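Here's the structure we're looking at; comments come further down.
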Amino acid sequence: MRSPLELADARPGPAFTVTLDGREIEALPGQTVAAALWTAGVTSWRTTRGEGRPRGIFCGIGVCFDCLVTVNDRPNQRACLVPLHPGDTIRTQEGTGHDD
Amino acid sequence: MTEQPHLAVIGAGPAGLAATVAAASHGVRVTLIDSAPEAGGQFYRQPAAELRARRPQALHHEWRTWERLRDGLRTHVQAGAVRHFTDHHVWYVDRRDTRFTVHALFGPEQEEPVEVRADAVLLATGGYEKVLPFPGWTLPGVVTAGGAQAMLKGTLAVSGRTAVVAGTGPLLLPVATGLAAAGVEVAALVESADPKDFVRRTRALAAQPGKVAEGAQYAAQLLRHRVRTLVHHTVVEAHGAERLEAVTVAALDADGRVRPGTERRIPCDTLAVGHGMLPHTDLAETLGCRLDGLDVHVDDEQRTDVPGVWAAGETTGIGGSALSLAEGHIAGRSAAARLHGTEPDPGEWAAAAKSRSRLRAFFAAIDSVYAPPAHWTEQITDDTVVCRCEEVTGGAIREAVGELGAGDARTVKLLTRAGMGWCQGRVCGPAVAGLAGCELTPSRRPFARPVPLGVLAAAGEPEDD
């Protein structure tokens, strides 16, 4: 199967490690939180305040705020906008992200 | 630096770039302010530089036009005529007498305030996608069609292996072909309109031979990737427990209602769905610019009715990248002339003006064909979440309308909180208006994005100059 990286002939630098809820995942230089999580097969990283339902990317351009996530202990970051750096810690955000 | 007049252009998509290059070529100092890390906007969204894509054009259409814009910007930046502020998120434009202050937040965390003073402002803020709700649309794996494309173009990422692309409008074609080219199996392209209706509108098409060729290209690509196209069909429901597993699609009857018995289930892990575009008009509105319906009103020179404020591109009405280029060029030329105190000569942009008239007619025809099914609100069940932020259901909104007498989106919001969350009603606005039985009207938002209180307090302090 052809991948988007192959389609665009992308040759990023070496992958680095970040964590999602303590689990190590790989990320590429230039990837946002959302891109790395999608590539790792993860599509949800937040539960809603009311019903506790899973959410992930919806608009992908910073408008809808559905992809909120906790990065390096800061809640309410938009996964579609925030770039990743080696060692970043991503945590699934539950509700407002201020309860834990 | 000499005392050249200074124009602030907000948005670095096709309209903003064309305006920047046009104004800078005519002796105006430009600060181009954009939220993305690279110029391009949504249409020419570029892969992050660190991904080192050697063939980004594989994800794009009209690449030569992009190269021309990119090189034009680079030339003017190197010459010192243009400053390009990336990753600057504009939340407010303040007008005092004849001077403007653009307030932005710098960086992905959007906390560091930046102010840009200018003699005039050109709004090229673009648009975003409209999505109408249906059961299951909040499941992870359901994304906007434009969102799937943005993630692909900007980060070279896709959310799964098998996708359905659905809704209505010309955006669905490049999204389906783009995903297929990137290795995603596109199980179906589900369009609620019947594009054959469009072909019958020979006048609008005859004026745009380029658009006919573009349509034929997409058709060939869909065929090559074996994408099944279902016209006059709609997604009835998205299924899954914790994430998307399948969608049910069904045929529409002549009145735009789901035809019972035509439902079929298509397994997929991604649904890219969209029902057209909406313009970003928050900054124009807080500046006091007149809107026509949802669009910023402009004259033949792309001036708004507020002195010193121009607008171009999707914010003045959805019409695609070629129209945005024409409008941006005209706006930039007009602003340059007027900032030098001279009356512009429209003869100098006659070609762009001609292109603008043709493309506006073309998109008016597009709009009349690519409309959501007439009875789309019937697909919103009482337990369908309509306001994604505040988790307000279709049933709660119907109760506010039917039993509590709400007749407009604002009253629905006060009664149910629909539209009161993080996105400020940008996503649920069309659905709430539809359920309330009223036209979608621009929502009055004092700021274009969330602002830290400390930044807001500091911005209100008296200025030194």
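Side notes on the structure shown:
- Buried area at the B-A interface (accessible, heavy atoms, 1.4 Å probe, summed, Å²): 4400
- Paramagnetic label reach from B:His375 (point 7 Å along Cα→Cβ; backbone nitrogen cut-off under 16 Å): within segment B:249-276, residues B:250-263.
- Label-reachable residues, segment B:10-27, where backbone N falls under 16 Å from a point 7 Å from B:Ala350's Cα toward its Cβ: none
- Shielding by partners for peptide B:327-335, expressed as the average number of C-beta atoms from other protein chains within 10 Å of each residue's C-beta, is 0.
- Alpha-carbon Rg/Rh ratio, for segment B:348-465, with Rh computed the Kirkwood way: 1.15
- Range of Cα positions in segment B:2-156 per principal axis (Å), largest first: 56, 35, 25
- Dipole axis of chain B (+1 Lys, Arg; -1 Asp, Glu on Cβ), positive-most option in B:Val121, B:Ala150, B:Ala36: B:Ala150
- Dimensionless Rg/Rh of segment B:109-222 - Kirkwood Rh, Rg from C-alpha atoms: 1.07
- Average other protein chain Cβ within 10 Å of Cβ, residues B:140-146: 6
- Projected label distance in nm at B:Arg117 and A:His85, using a 7 Å step from Cα toward the beta-carbon: 3.3
- By accessible area, using a 1.4 Å probe on protein heavy atoms only, the protein assembly as shown has 50% of its surface on carbon and sulfur.
- No Cys partner within the rule (Cβ under 4.7 Å), chain A: A:Cys67, A:Cys80
- Using a simple spin-label model with pseudo-atoms 7 Å out from Cα toward Cβ, B:His225 and B:Asp194 lie 2.6 nm apart.
- Relative intensity, log₁₀ I(q)/I(0), of chain A from a Debye sum that treats every alpha carbon as a point, q = 0.12, 0.17 Å⁻¹: -0.38, -0.73
- Solvent exposure, largest accessible area first (probe 1.4 Å, DNA, RNA and ligands not counted), of B:Val121, A:Val42: A:Val42, B:Val121
- Summarising the strand pairing of the protein assembly as shown, around 55 percent of its internal DSSP beta bridges are antiparallel.
- Contact residues in segment B:40-55 (at least 30 Å² less accessible area with all protein chains than alone, 1.4 Å probe): B:Glu50, B:Leu51, B:Arg52, B:Arg54, B:Arg55.
- Protein-protein interface of segment B:408-455, residues with accessible area decrease of at least 30 Å², isolated chain reference, 1.4 Å probe: B:Trp422, B:Val427
- Looking at chain B alone, DSSP beta bridges between its own residues are antiparallel in about 50 percent of cases.
- Within segment A:24-41, backbone nitrogen closer than 19 Å to the virtual label 7 Å beyond the Cα of A:Phe16 toward Cβ: A:24-40
- Within segment B:198-311, the percentage of alpha carbon pairs spaced more than 22 angstrom apart rounds to 63%.
- Per-bin percent of Cα-Cα distances, chain B [10 Å]: 4, 19, 29, 27, 15, 4, 0, 0
- With semi-axes defined as the square roots of five times the eigenvalues of the C-alpha gyration tensor, the equivalent ellipsoid of segment B:67-151 measures 32, 19, 13 Å, largest first.
- Average projection area in nm² (convex hull over Cα atoms of the protein assembly as shown, one quarter of hull surface): 25.6
The values are calculated or read from the model by the stated rules, or taken from the named source; none is laboratory data. Please read these numbers as outputs of a predicted model, since none were measured by experiment. Ideal geometry is used to build each Cβ from the backbone, glycine not excepted, and the neighbour counts take in all protein chains shown. To get the accessible areas, we keep the full protein, side chains included, count just its heavy atoms, and leave off ligands, DNA and RNA. Shrake-Rupley method; radii C 1.70, N 1.55, O 1.52, S 1.80 Å.
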